[in-house]
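The values are calculated or read from the model by the stated rules, or taken from the named source; none is laboratory data. Predicted, not measured: the structure shown is a model, and the values here were computed from it. All Cβ positions, even for glycine, are placed from backbone atoms using ideal geometry, and neighbour counts span all protein chains on display.
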Amino acid sequence: MEVLILLGAPGAGKGTAASRLVSRLNVRHVSSGDLLRQAVKQGTAAGKEAEGYMKRGELVPDALIGRIIADLLAAGGADAKYLLDGFPRTVAQAEMLERVVLGQGGHIRAAVVLDVDEAILIDRLAGRRVCSKCAAGYHVRNMPPKVADVCDACGSALVQRPDDNPETVRNRLAVFNKQTAPLIAWYRERQALARVEGAAGTADDVAERIVQALQ
Ligand code: AMP
């Protein structure tokens, strides 16, 4: 098993980059946020537990998301290659991931951090729209769909995420700085960190820089 991690603040472009890297790197995209939103939608026990945290822009408990990710990795088999988007988000999650991956004879190829200024993050989150069905991401100005409010990929309605409102966004950015940013030093210490400029150019340019950083 091989695991590549995308680190970055909310709005840094992890999902957008991941959608472009899946075929280039031949990896399976695993978005912890999408998995949790799906669980909430389906009303599973995990979804019910996660919902309140997500609404407030807080992290769900490490054990809850850790179990979901560990089960998914265990089911993938020895040859699977994963691109994790949104996990790990705390040092405890990173430690748990390392245990699970090494325990299955796999390795963590790198953690790529997407660097984006806070003013740009806020603008991206305010204009973000997501497909209500397939979770594809858009931006009203930077990355609009061909037909307003309709997903190019599956034709379903685009919606604004409930946690993309200004107050929750402020909280999510504060949570990132406090709980997730320490992972940058954590992966640097393990010589596994790659830093990539996440704002300049197009989404394809960002994906290209990630591929180059992994060479
Ligand atoms: P995202 O789509 O990655 O922005 O995640 C949306 C929300 O899901 C976050 O604000 C958290 O409430 C929750 N979430 C996603 N991934 C994690 C994680 N690794 N640890 C804790 N909470 C998470």
**Prompt:** Tally time: how many residues in the range 1-16 are within 13 Å of the ligand (Cβ to nearest atom) and on the phi < 0 side of the Ramachandran plot?
**Reply:** 9
**Request:** Can you give me the number of residues within the range 76-101 that are on the phi > 0 side of the Ramachandran plot and either near the ligand (Cβ under 10 Å from one of its atoms) or β-branched (V, I, T) (or both)?
**Result:** 1
**Prompt:** Given the structure, is V112 buried (at least 18 other Cβ atoms within 10 Å of the Cβ) and touching a helix residue (DSSP H, G or I) at 6+ places or on another chain (Cβ under 7 Å)?
**Reply:** yes
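Please verify whether I108 is within 10 Å of the ligand (Cβ to nearest atom) and under 25 Å from P182 (Cα atoms), treating the condition exactly as stated.
In short, no.
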**Prompt:** Quick check, is D205 of a type outside the set (G, A, S), assigned by TED's automatic domain parsing to the domain that holds L97 and more than 16 Å from the ligand (Cβ to nearest atom)?
**Reply:** yes
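This table checks each residue for (1) in a helix (DSSP H, G or I); (2) in contact (Cβ under 8 Å) with a residue 60 or more places away in the chain; (3) near the ligand (Cβ under 7 Å from one of its atoms); (4) assigned by TED's automatic domain parsing to the domain that holds A92.
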site	(1), (2), (3), (4)
D34	yes, yes, yes, yes
V40	yes, no, no, yes
E49	yes, no, no, yes
M54	yes, yes, yes, yes
L59	no, yes, yes, yes
A63	yes, no, no, yes
G66	yes, no, no, yes
I69	yes, no, no, yes
L73	yes, yes, no, yes
**Asked** Which numbered condition trips up V130, out of (1) under 25 Å from I210 (Cα atoms); (2) touching a Pro at 6+ places or on another chain (Cβ under 7 Å)?
**Response** (2)
**Subset tally (residues that are under 12 Å from R161 (Cβ atoms) and either of a type in the set (V, I, T) or more than 16 Å from the chain's Cα centre (by Cα) (or both)) for the range 113-130** = 3
